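> Starting off with a structure, shown below.
Nothing in this text is a laboratory measurement; each read-out follows from the coordinates by a stated rule. Note that this is a predicted model, so its numbers are computed, not measured. Here the Cβ positions follow ideal geometry from the backbone for every residue, glycine too, while neighbour counts run over all protein chains shown.
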Amino acid sequence: MFVGHAALAFAAKRTAPRVSLAELLVATYALDLIWPALVLLGIERVRITPGDTAFTPLAFDWYPWSHSLLMAIVWGLVGGGVVYAARRRARAAVIVGALVVSHWVLDLIVHRPDLPLWPGHGSPLVGLGLWNSIPGTLIVEGAMFVAGVWLYLGGTRAKDRIGSIALFALLGLLALAWVSGPFSAPPPSATAVAWVGLLFGILVVPWIAWIERHRVMVT
């Protein structure tokens, strides 16, 4: 998933008002922020294979350290532990940890059977394969995105024009990148995919933090 992960972060802001939206987004995308670094280091592997699924040309050959269920739980414990150590707020730590693990659960819905349960070649591979249907993916993930954004907008308001314009610009960018994916030319290489993944975190997280300075929770 892509905007589906963002949807959970936006929705979670209602239940975790003291946690920044940037932190919530980092949590939901955590596995996809770890994965590009491991690909660039040669620890995990991905191939560009048009037709691997209808929605994406990426064939995920080996990514147990970022995308196995066991490691998703480990990364969730790490994320929750960092939040608790920094803030001493158990509720915030649990929410962040759960959002990290939610990434694997949502990926289970869309991936073909390529998600391992634990690191190692003996692990079963699972995936329900929603990406085999472009209309199905657009409907399911699009509905999640609309619902998550609606919950966020219902729980916050803009303090000024930046709070509205910057937010809707980001939402438009995310939606455009997601919708155009299956209709765009395949990426030139796995390395390019990994760098784009890293740049996503480098650019979008500060953007979200900037937006949040111009919005306030509705009590």
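> Non-local amide H neighbours of R215 (under 5 Å, H modeled in plane, Pro and chain starts lacking H): which ones?
K159
> Here's something else I'd like to know. Given the chain, report the % of alpha carbon pairs whose separation exceeds 23 Å.
46
> At R14 and R213, where each label point lies 7 Å from the Cα along Cα→Cβ, what is the point-to-point distance in nanometres?
It is 2.8 nm.
> About the Cα centre of the range 1-47, how large is the charge dipole given +1 on each Lys and Arg Cβ and -1 on each Asp and Glu Cβ? Please answer in debye to the nearest 20.
Dipole magnitude for the range 1-47 comes out near 120 debye.
> Shifting gears a bit: Please order W65, W75, W195 by the number of other Cβ within 10 Å, starting at the fewest.
W195, W65, W75
> Say the dipole of the chain comes from +1 at the beta carbon of Lys and Arg and -1 at that of Asp and Glu; which of A166, L58, A7 then lies farthest toward its positive end?
Sorting the options by dipole projection puts first A166.
> Let me spell out the model: positive unit charges on the Cβ of Lys and Arg, negative unit charges on the Cβ of Asp and Glu, origin at the Cα centre of the chain. What dipole size does that give, in debye rounded to 20?
Dipole about the Cα centre, nearest 20: 980 debye.
> Please list, short to long, the whole-number percent of alpha-carbon pairs of the range 1-114 in consecutive 10 angstrom bins beginning at zero.
15, 43, 30, 11, 1
> Regarding the range 110-219, what is the average projected area of its C-alpha convex hull, in nm²?
Mean projected area for the range 110-219: 9.4 nm², to one decimal.
> Per 10 Å bin, what is the whole-percent P(r) computed from every C-alpha pair distance within the range 67-164?
Computed distribution, short to long bins: 15, 28, 33, 20, 4, 0.
> Can you tally the net charge around V3? Count Lys and Arg as +1, Asp and Glu as -1, for every other residue whose Cβ sits under 13 Å from the Cβ of V3.
That sum, taken over residues with Cβ under 13 Å, equals -2.
> Can you list the HN-Hα couplings for the range 205-219, worked out from phi with the Karplus curve (6.51, -1.76, 1.60; θ = phi - 60°), rounded to whole Hz and with x for Gly and Pro?
Karplus values, whole Hz, x for Gly and Pro: 4, x, 4, 4, 4, 5, 4, 5, 5, 10, 10, 9, 5, 8, 8.
> Could I ask something else about it? Report the longest stretch of the chain that contains none of the trypsin sites (Lys or Arg not before Pro) sitting in a DSSP loop with at most 14 other Cβ atoms within 10 Å.
Of all site-free stretches, the longest is 89-158.
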